[in-house]
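Chemist: What follows is a structure written as structure tokens; I'll ask about it next.
The values are calculated or read from the model by the stated rules, or taken from the named source; none is laboratory data. Since we're looking at a predicted model, the values are computed, not measured. As a convention, Cβ positions derive from the backbone with ideal geometry for all residues, glycine included, and neighbour counts pool all protein chains shown. Surface areas here come from the heavy atoms of the whole protein model, side chains and all, with no ligands, DNA or RNA. Shrake-Rupley method; radii C 1.70, N 1.55, O 1.52, S 1.80 Å.
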Amino acid sequence: MQLHSFFNSSTSYRVRIALALKGLAYDTLPVNIRVGEHRAADYVANVNPSATVPALIDGDFRLGQSLAIIDYLDQTYPEPRLIPLEPAVRARVLELSTLIACDIHPVNNLRVLRYLETELQVTPQQKTAWYRHWVAQGMAGVERLLERSNHGPWCLGAQPTLADVSLVPQIANALRMDCDLSAYPRSLAVYEHASAHPAFAAAEPQRQPDYVA
Ligand SMILES: N[C@@H](CCC(=O)N[C@@H](CS)C(=O)NCC(=O)O)C(=O)O
């Protein structure tokens, strides 16, 4: 398998964690989103019509959208399962994962931040305020979900799931942007626990071949 990935992309980070948890070997094909490689005509036409990273190549099969990729991996390589089968547990995992993937990540994505800067001409301070506002609002929701359902050490039980795979990159991004996360102790405890896990560590941005400091 091959993964079109950018080291600092949290959606690529999700897929890297899933691949590592499942012990699947893959080659990284770096796509530098800072210089717009994800919008190159060939990439959009032949790899990922969403014009984003990540994209997975498995033989002739090409797939974008991190949650769809992880679901595909879960169907094709079910051990360990990241999206549980039992309906109520599965729903809890998807509830937490989609809060991150659909509510927090999209409003703080690179293209949104660049639009704020270049089209709406907000100041750097306003851009940072925007970023931190949506992290705070979203992470408060994550923390409330964990207060209801988290008994540690992972988000929803004794094994990592898509919820952890989604949460860890989101927290890593928020820390990189100097967000104050002290109000989310359960989320931070999961993050600390995951950081010591080899699969989560292997997927970290600084361990990727395209990493630049
Ligand atoms: N919903 C998509 C989002 C993909 C996405 O937006 N990825 C970001 C990197 S984390 C990207 O390619 N950004 C490029 C841009 O915003 O121009 C997924 O989960 O794969």
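Chemist: Of these, V190, V165, which one is at pLDDT 95 or above, under 18 Å from F7 (Cβ atoms) and in a helix (DSSP H, G or I)?
Modeler: V165
Chemist: Between A183, A201, A189, which is touching a residue at least 40 places away in the same chain (Cβ under 8 Å) and either open to solvent by 50 Å² or more (accessible area, probe 1.4 Å) or not polar (S, T, N, Q) (or both)?
Modeler: Exactly one residue qualifies, and that residue is A183.
Chemist: So V44 fits all but one of (1) part of a loop (DSSP other than H, G, I, E, B); (2) of a type in the set (A, V, I, L, M, F, W, C); (3) more than 19 Å from Q170 (Cα to Cα); what number is the exception?
Modeler: For V44, the failing item is (1).
Chemist: So A91 ticks every box in (1) farther than 24 Å from M139 by Cα; (2) away from the ligand (no atom under 13 Å from the Cβ) but one. Which box is left unticked?
Modeler: Here A91 clears every test but (1).
Chemist: Related question: Can you tell me how many residues within segment 75-88 are open to solvent by less than 60 Å² (accessible area, probe 1.4 Å) and either within 15 Å of the ligand (Cβ to nearest atom) or of a type in the set (V, I, T) (or both)?
Modeler: The total comes to 2.
Chemist: Further question: Are any of the residues in segment 18-32 near the ligand (Cβ under 10 Å from one of its atoms) and within 17 Å of H105 (Cβ to Cβ)?
Modeler: Within segment 18-32, none of the residues are near the ligand (Cβ under 10 Å from one of its atoms) and within 17 Å of H105 (Cβ to Cβ).
Chemist: Across segment 35-67, what is the total count of residues that are open to solvent by less than 40 Å² (accessible area, probe 1.4 Å) and within 11 Å of the ligand (Cβ to nearest atom)?
Modeler: The total comes to 13.
Chemist: Among (1) over 25 Å from D164 (Cα atoms); (2) near the ligand (Cβ under 10 Å from one of its atoms), which single condition is V122 missing?
Modeler: Only one criterion is unmet by V122, namely (2).
Chemist: Something else now. Taking Q159 as meeting all but one of (1) part of a helix (DSSP H, G or I); (2) over 16 Å from the mean Cα position of the chain (by Cα), write down the number of the exception.
Modeler: The number of the failed condition is (1).
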